[in-house]
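Below is one structure, written out as structure tokens, with a few remarks after it.
The values are calculated or read from the model by the stated rules, or taken from the named source; none is laboratory data. All values reported here derive from a predicted model rather than from experimental measurement. Cβ coordinates were reconstructed from backbone atoms using ideal geometry, including for glycine residues, and neighbour counts include every protein chain displayed.
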Amino acid sequence: MTELEAKRQHVVVYVLVPLLVMCLAGGAGYLKYRGGSIVEAQSAATSSIQAATDGTIALLSYSPDTAQATLTAARDRLTGSFRDSYTSLTNDVVIRAPRRRRSRRPRPYPPRHRCRPARTTPSYWCT
């Protein structure tokens with residue numbers, strides 16, 4: 001073995017092999033990072049869809065008897081200007097309607113309709 005061959009072998013063993021190992025380790029780390037971030041993104045997408053579904057069901061599912069408690073609990077899931085508009089809608093329209101309906105006296109008889117014969121058919125029109 002000549003002196004030139006010994007220097008080449010020295011360069012290969014002490015420079016190129018460690019450089020190759022570091023490049024391979026860096027590539028493996030990068031691929032592991034990308035794989036983890038893809039899994040995290042998929043998990044975040046799934047959880048956000050589930051949260052949106054639960055929130056939509058909470059916003060739209062209420063009964064007249066428990067409207068105030070149900071809609072107030074659903075309002076806590078909202079943010080920003082949509083929360084403000086949703087609050088005013090529920091307080092002004094949705095929650096007041098069952099209160100008004102309960103405060104009215106029930107009619108003892110059905111409302112009267114005036115019926116008149118239709119001109120083109122043998123049935124009647126009622127107004």
Anything in the range 1-33 that is under 57 Å from the mean Cα position of the chain (by Cα) and exposed (fewer than 10 other Cβ atoms within 10 Å of the Cβ)? List them, or say none. none
When you scan the range 97-111, do you find a residue that is part of a helix (DSSP H, G or I) and modelled with pLDDT of 60 or more, even just one? yes
Is it true that some residue in the range 22-45 is under 23 Å from ARG75 (Cα atoms), assigned to a helix (DSSP H, G or I) and not β-branched (Val, Ile, Thr)? yes
Take the range 58-96 and flag every residue that is in contact with a Leu (Cβ under 7 Å, 6 or more places away or on another chain) and either part of a helix (DSSP H, G or I) or of a type in the set (Gly, Ala, Ser) (or both). ALA74, TYR86, THR90, VAL94
Enumerate the pairs (first residue in the range 41-60 and in contact (Cβ under 8 Å) with a residue 24 or more places away in the chain; second residue anywhere and part of a helix (DSSP H, G or I) and surrounded by 11 or more Cβ atoms within 10 Å (Cβ to Cβ)) with beta-carbon separation below 9 Å, excluding pairs fewer than 6 apart on the same chain, so at least 6 apart or on different chains. LEU59/LEU71; LEU59/ALA74; LEU59/ARG75; LEU59/TYR86
